[in-house]
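Undergrad: For reference, the structure I am asking about is given below.
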Amino acid sequence: MKKAQILVVDDESGVRELVGDVLGLEGYQVTIAVDGLDALSHIRKQKFDLYVLDINMPKIDGLVLLEKVRSAGDMTPALLLSARREKDDIHQGFRVGADDYVTKPFSIEELALRVEAILRRTQGTQENNILRCGPISIDVDQHMVKFEDEIIELSPTEYNLLHFLIERKNKVVRKDAVLNAVWGIDFENNSTVVETYISYLRRKLHRNGFEGIKTVRGVGFQIVERS
């Protein structure tokens with residue numbers, strides 16, 4: 001994997017330095033921004049592979065910053081840092097396009113592992129084929145999803161979740177298997193992140209009578225050719 005370019009945005013100097021040092025030691029190229037306005041200046045000048053964004057910042061907080069870049073068509077993966085444990089903050093982060101989050105205080109090992117997991121699934125080698133399930137197709141080489149003939153814009157995490165499901169179409173996959181494959185979480189986790197992203201895919205792909213993304217209560221999820 002190439003050396004990823006990571007933008008770290010936090011108004012606390014101690015956190016900025018810690019995160020920057022940790023990611024630098026992991027071999028990533030790190031750019032530091034002191035707040036949301038500074039981050040936007042860097043984003044206009046340079047292409048990044050990952051944003052690490054603090055939620056609670058003056059001027060432009062992390063949620064507003066992420067919403068701005070997403071509305072501009074920038075789908076660069078984003079990891080949120082939050083000192084707040086309220087579920088509303090986390091849910092809002094996912095709604096505006098975050099790929100994962102870490103709650104402060106966090107261990108440097110957890111941070112490094114989550115960054116690695118995001119980059120692995122967004123920079124991984126892709127096979128040369130087209131996957132299909134009913135009206136949905138994925139051109140893996142082009143990283144393109146279509147519903148019939150219409151191109152559907154997905155975030156990196158939405159894409160990887162759909163890819164995982166379609167590779168196993170008509171089969172029920174357990175939630176822990178999805179967490180491991182898509183989020184790199186290989187331990188028991190009570191988060192609703194899978195359910196949240198399943199709802200995002202349904203919102204974009206359940207149309208024209210197709211409702212093929214299923215929840216199998218108590219077991220997991222599946223995508224089927226015919227709903």
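The values are calculated or read from the model by the stated rules, or taken from the named source; none is laboratory data. Model, not experiment: these values are computed from the prediction. Virtual Cβ from ideal backbone geometry, glycine too; neighbours counted across all protein chains shown.
Undergrad: Got a number for residues in region 1-34 being in contact with a Leu (Cβ under 9 Å, 6 or more places away or on another chain) and closer than 22 Å to A72 by Cβ?
TA: Looking only at that region, the number is 10.
Undergrad: Taking the condition surrounded by fewer than 22 Cβ atoms within 10 Å (Cβ to Cβ) and touching a residue at least 60 places away in the same chain (Cβ under 8 Å), does H42 pass?
TA: It is false that H42 is surrounded by fewer than 22 Cβ atoms within 10 Å (Cβ to Cβ) and touching a residue at least 60 places away in the same chain (Cβ under 8 Å).
Undergrad: Let me ask something additional. Would you please name the residue that is nearest to L111 (Cα to Cα), looking only at residues in region 160-201 that are assigned to a helix (DSSP H, G or I) and either assigned by TED's automatic domain parsing to the domain that holds G93 or among the aromatic types (F, W, Y) (or both)?
TA: Checked region 160-201; the qualifying residue nearest to L111 (Cα to Cα) is W183.
Undergrad: Say we look at region 98-111 and pick out the residues that are outside any loop (DSSP other than H, G, I, E, B), surrounded by 16 or more Cβ atoms within 10 Å (Cβ to Cβ) and of a type outside the set (V, I, T); which of these is farthest from the chain's Cα centre (by Cα)?
TA: Filtering first and then ranking leaves L111.
Undergrad: Report yes if some residue within region 202-222 is within 14 Å of C133 (Cβ to Cβ), within 21 Å of the chain's Cα centre (by Cα) and either part of a loop (DSSP other than H, G, I, E, B) or hydroxyl-bearing (S, T, Y) (or both); otherwise report no.
TA: yes
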